[in-house]
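The values are calculated or read from the model by the stated rules, or taken from the named source; none is laboratory data. If you're wondering where the values come from, they're calculated on a predicted model, not measured in any experiment. Heads up, the Cβs are rebuilt from the backbone with ideal geometry, glycines too, and the neighbour counts pull from every protein chain shown.
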């Protein structure tokens, strides 16, 4: 069964001057299979959170359709809300002056979870996200990472079959983020469907079955994590220092080199357009006595700049 499906989804709103129409989602069509972990990657302003808000019935689409397990998010709102769990970043949805346990009990009551089931589920979730020993402390004393783990427990308290996780590891330390990824794997094993929005390539590669690139509400590509890694690798870069100008000019003309730019902190950055050319460039630099050579992969936003230009980062 298809767990999440959108077809021709559009969301527009008025800009600050009330005359300009801003397009947040532009004819977006996706399908997520039941039991799949699906990552949505893109820079700020790409439309990721807008999509999650529509799928979770928080925001109405301008046009197009969205369905959760076959139920329309507009016409079957109550049914959809019983099927989903939502985890937004930050402090939204948590009450700092009461304990973590009381927060979860409150949300379980809102979802009409029967008392005995709610008590057992809350206890299990607190242990599952590593908050069992702080369950009765006020949330205002939690670290940011602890709050994010409580958010995750809140998203599960209804027994949701479809989870929307918007930047779920924001504020988590590396150990907590690792435990979170393990938990996502467990949830997938239980047959839950998970949509994750993130900027973190490593996170997407670690937990997602498929990942989608989105820009200004448009779907650019849907790939497996390995396929996305190949896309990023094509835009690898080489930093070098104390390189003679004649060598720089030679490298600039090599096949597979996209550009060579001087760096503000000194040296040059060689932007690659073909990952297979990387060892050839390194060989040329080494043969001409260049001792300081470093390779690295760009961030997701840098890849966007290379693929679609500056418009990919405009909000």
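Residues that are in a loop (DSSP other than H, G, I, E, B) and touching a residue at least 60 places away in the same chain (Cβ under 8 Å) were ranked within region 130-170; the one that is nearest to residue 111 (Cα to Cα) is 158.
Select from region 19-49 the residues that are part of a loop (DSSP other than H, G, I, E, B), surrounded by fewer than 23 Cβ atoms within 10 Å (Cβ to Cβ) and either in contact with a strand residue (DSSP E or B) (Cβ under 9 Å, 6 or more places away or on another chain) or modelled with pLDDT of 95 or more (or both) and list them in ascending order. 20, 34, 35, 36, 43, 45 - these are the residues of region 19-49 that are part of a loop (DSSP other than H, G, I, E, B), surrounded by fewer than 23 Cβ atoms within 10 Å (Cβ to Cβ) and either in contact with a strand residue (DSSP E or B) (Cβ under 9 Å, 6 or more places away or on another chain) or modelled with pLDDT of 95 or more (or both). Exactly one residue out of 80, 52 is in contact with a strand residue (DSSP E or B) (Cβ under 6 Å, 6 or more places away or on another chain) and either without any contact (Cβ under 8 Å) to a residue 60 or more places away in the chain or under 24 Å from residue 141 (Cβ atoms) (or both): that is 80. Quick check on region 22-44. Is at least one of its residues more than 27 Å from residue 185 (Cβ to Cβ) and free of Cβ contacts under 8 Å to residues at least 24 places away in the same chain? The answer is yes; a qualifying residue exists.
Scan region 83-129 residue by residue and report those that are outside any helix (DSSP H, G or I) and exposed (fewer than 14 other Cβ atoms within 10 Å of the Cβ).
Within region 83-129, the subset outside any helix (DSSP H, G or I) is 84-99, 111-114, 129.
Of everything in region 83-129, those that are outside any helix (DSSP H, G or I) and exposed (fewer than 14 other Cβ atoms within 10 Å of the Cβ) turn out to be 92, 96, 97, 112, 114.
In region 172-209, the qualifying residues are those that are in contact (Cβ under 8 Å) with a residue 60 or more places away in the chain, part of a loop (DSSP other than H, G, I, E, B) and over 14 Å from the mean Cα position of the chain (by Cα), and the one that is surrounded by the most Cβ atoms within 10 Å (Cβ to Cβ) is 192.
Of the residues 260, 251, 232, only one is modelled with pLDDT under 85, closer than 16 Å to residue 295 by Cβ and in contact with a helix residue (DSSP H, G or I) (Cβ under 7 Å, 6 or more places away or on another chain); which?
Values: 260 fails: modelled with pLDDT under 85; 251 fails: modelled with pLDDT under 85.
Just one listed residue meets the conditions, 232.
Among the residues of region 1-18, those that are assigned to a strand (DSSP E or B) and in contact (Cβ under 8 Å) with a residue 12 or more places away in the chain comprise 2, 3, 4, 5, 6, 7, 8, 9, 10, 11, 12.
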